[in-house]
Amino acid sequence: MVKRSHPSHLSWLVAANDPASDFPLTHLPYGVFEIDGQSHLCVAIGTHLLDLYACAEANLLSPNIATACQAPVLNLLMALGPRSWTLLRETLTTLLHADAEPSRRLAVEAALHSIAGATLLKPVHIPNYTDFYSSIHHATRVGRIFRPDQPLLPNYKHIPIGYHGRASSILPSGIPVQRPHGQTRPPSHELGPGFGPTAALDYELELALYIGQPNPLGTPIPVTKAANHIFGLSLLNDWSTRDVQSWEYQPLGPFLAKSFATSISPWVTPLAVLEPFRAPAARRRHGDPKPLPYLYSAADQAHGNLNIKLEVSISTKTMRDNKLDPLVLSETNAKDLYWTPAQLIAHHTSNGCNLQIGDILATGTISGSTEAAAGCLLELTRNGAQPLKLPTGEVRAFLADGDEVIFRGTCELPGHPRIGLGECRAAILPARP
């Protein structure tokens, strides 16, 4: 039996009422698409996108919002703040609702385009990118590989670990990633390190948190106010070269093993959309330390995490040549993260660091408690020691040229329409000669 949407959730676009749609009326994620050589803001609805530039031109939007909706990226809209974000969403919901005024519906129809075939661009100008290490399951399994006697370092349960990434190499979904070169560990003490194309290219399943409201330099953001600074989120793939990483990461952490490319999905889901899908902070084990006061809020502990189901799939060239569907490699959930989004922001700014509009804070690899819920190949193959066998007979310790990695995310809860975060995908190109 197909579950029907509540009347308040119905749109006059029939495809938006499909229970399997990623983009029902209750979602309306933001994106940017190319039209006539220009970048226009849009929202996704069913199988279509709604051109916000055209809506502003047709006087469908409030004047104080219209200018921001005619910008080529989301930053100007972010800068308007939560009240304007709410007003825009309410306006768009009214325009797309099943009970919309016929005259206004005609104007909206003129601003609709099919998502299929549209060129989706990077939706935000990203000044800075910080990557965290929020999954204790990921940290523990990786630690067991390299430090069997001490998988978790002593600071992990006290402090959200992170590093400053490279914003300039963030790519929109669909742009191929070229296999990078790097310096790798020497095979013996007598030999020097090597340099060449990585032989251990990996993905990392993450979420990107977009900062919508800044904080002045020198002014920390309290954990109780941190969620107010998040505009929305999307999927993120933190591509990693494990052979380069293992040689360079001591003593200062990741560098060239991460900076060559990071992929983000084209749709930014507003944080307000995810309110029904809030979840408690991950339960800490008996004996784990309570977060320090600047990282602790009873409200954040009660509903600071997000119940987002995530999956990783792979499509090899052989699979595509034989018209085989992508293979799901793992499934996990963001609600299992040890540190909540609010804690990441509170910690990041605790020394007075100023976040800027459009900054990305990534969660780090999201892995669950079981090995089947691992968010990267480093975990799934135990650093290549147990390669995966694919239905085609192919074997993968790490990614091969021609492989395409696909991330998906969904939120499902009784009484609420299912929403999907779309896809974050990219294929691997051979290294440059």
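Just so you know, all these numbers are worked out from the coordinates, no wet-lab data involved. Keep in mind the model is a prediction, meaning the values are calculated, not measured. Note that we place each Cβ from the backbone using ideal geometry, even for glycine, and neighbour counts take in every protein chain shown.
Efficiency by 1/(1 + (r/R0)^6): what FRET value for residue 91 and residue 369, r their Cβ-Cβ distance, R0 = 45 Å, to the nearest 0.05?
With R0 = 45 Å, the Cβ-Cβ based efficiency is 0.60.
Assuming 0.36 nm per residue, please report the length gained on full extension of the stretch residue 298 to residue 14 beyond their Cα-Cα distance.
Residue separation times 0.36 nm, minus the Cα-Cα distance, leaves 98.1 nm.
Under 16 Å Cα-Cα from residue 389, which lysines qualify once same-chain neighbours fewer than 8 residues away are excluded?
317
Less than 19 Å from a label point 7 Å out along the Cα-to-Cβ axis of residue 249: which backbone N atoms in the range 392-433 qualify, by residue?
It comes to 397-399, nothing else.
Roughly how far apart, in whole Å, are the Cα centres of the range 377-433 and the range 296-326?
Here the two parts' Cα centres lie 9 Å apart.
If a paramagnetic tag sat 7 Å from the Cα of residue 413 along the Cα-Cβ line, which residues of the range 293-311 would have the backbone N under 14 Å from that point?
From the range 293-311, the list is 302-309.
Would you mind counting up the charge near residue 313? Only other residues with Cβ under 14 Å from its Cβ, with Lys and Arg at +1 and Asp and Glu at -1. Don't skip to the end; give the middle numbers.
Numbers: positive: 309, 320, 396, 408, 425; negative: 311, 325, 331, 403, 404, 423.
So the surrounding residues net to -1.
Provide the net charge surrounding residue 244, with neighbours chosen by a C-beta distance below 12 Å and charges set as Lys +1, Arg +1, Asp -1, Glu -1. Write out the running numbers ahead of the final one.
Numbers: positive: 179, 185, 242, 258; negative: 202, 243, 248.
My count for the surroundings of residue 244 gives +1.
In the chain, which whole DSSP H runs stretch at least 18 Å along their own axis (Cα) and average 1.6 or higher on the Kyte-Doolittle scale? Before the final figure, lay out each step's value.
Working: long enough: 82-96 (21 Å, 0.03).
Span-like helices in the chain: none at all.
Ranking request for peptides 278-286, 323-331: highest mean number of other beta-carbon atoms within 10 Å first, then the rest in descending order. Mind dumping the intermediate values first?
Values: 278-286: 13.8, 323-331: 15.4.
So the order, starting with the most tightly packed, is 323-331, 278-286.
Report the label-to-label distance for residue 57 and residue 119 in nanometres (one decimal), using points 7 Å from each Cα along the Cα→Cβ vector.
1.7 nm
So what's the chain giving for Rg/Rh, alpha carbon basis, Kirkwood Rh from the mean inverse pair distance? Each step should come with its number before you reach the end.
Numbers: Rg = 21.9 Å, Rh = 22.6 Å.
We get a ratio of 0.97 for the chain.
Only counting other Cβ atoms within 10 Å, I'd like 78, 319 sorted with the fewest neighbours first.
In increasing order of surrounding Cβ atoms, one gets 319, 78.
With no solvent and one equal point scatterer placed on each C-alpha of the range 7-114, evaluate the Debye formula and give log10 I(q)/I(0) for q = 0.11 Å⁻¹, two decimals.
-0.30
Could you tell me which of the pairs 122/335; 122/290; 225/290; 122/225 are separated by over 30 angstrom between their Cα atoms in the structure shown? Write down the numbers at each step before the final one.
On the way: 122/335 26 Å; 122/290 39 Å; 225/290 20 Å; 122/225 28 Å.
In this structure, 122/290 lie more than 30 Å apart at Cα.
Residues in the range 384-426 near a label at residue 322, defined as backbone nitrogen under 12 Å from the 7 Å Cα→Cβ point?
Zone members listed by number: 390-395.
Taking the Cα-to-Cβ direction at residue 259 and at residue 392 and moving 7 Å from each Cα, how far apart do the two end points lie in nm?
3.4 nm
Taking 0.36 nm per residue of sequence separation and subtracting the Cα-Cα distance, how much length would be gained by fully extending the chain between residue 288 and residue 431, in nm to one decimal? Write out the running numbers ahead of the final one.
Details: separation 143, 0.36 × 143 = 51.48 nm, distance 4.45 nm.
That pair, residue 288 and residue 431, stretches by 47.0 nm at full extension.
How many nm is it between the label spots at residue 144 and residue 158, if each spot is 7 Å from the Cα in line with the beta carbon?
2.6 nm
Please report how far the C-alpha centroid of the range 206-270 lies from that of the range 34-109, rounded to the nearest whole angstrom.
Value for the Cα centre distance between the two parts: 27 Å.
Ranked from highest to lowest mean number of other Cβ atoms within 10 Å per residue, what is the order of the peptides 243-249, 81-87? Each step should come with its number before you reach the end.
On the way: 243-249: 20.0, 81-87: 14.4.
Highest-to-lowest ranking by the protection proxy: 243-249, 81-87.
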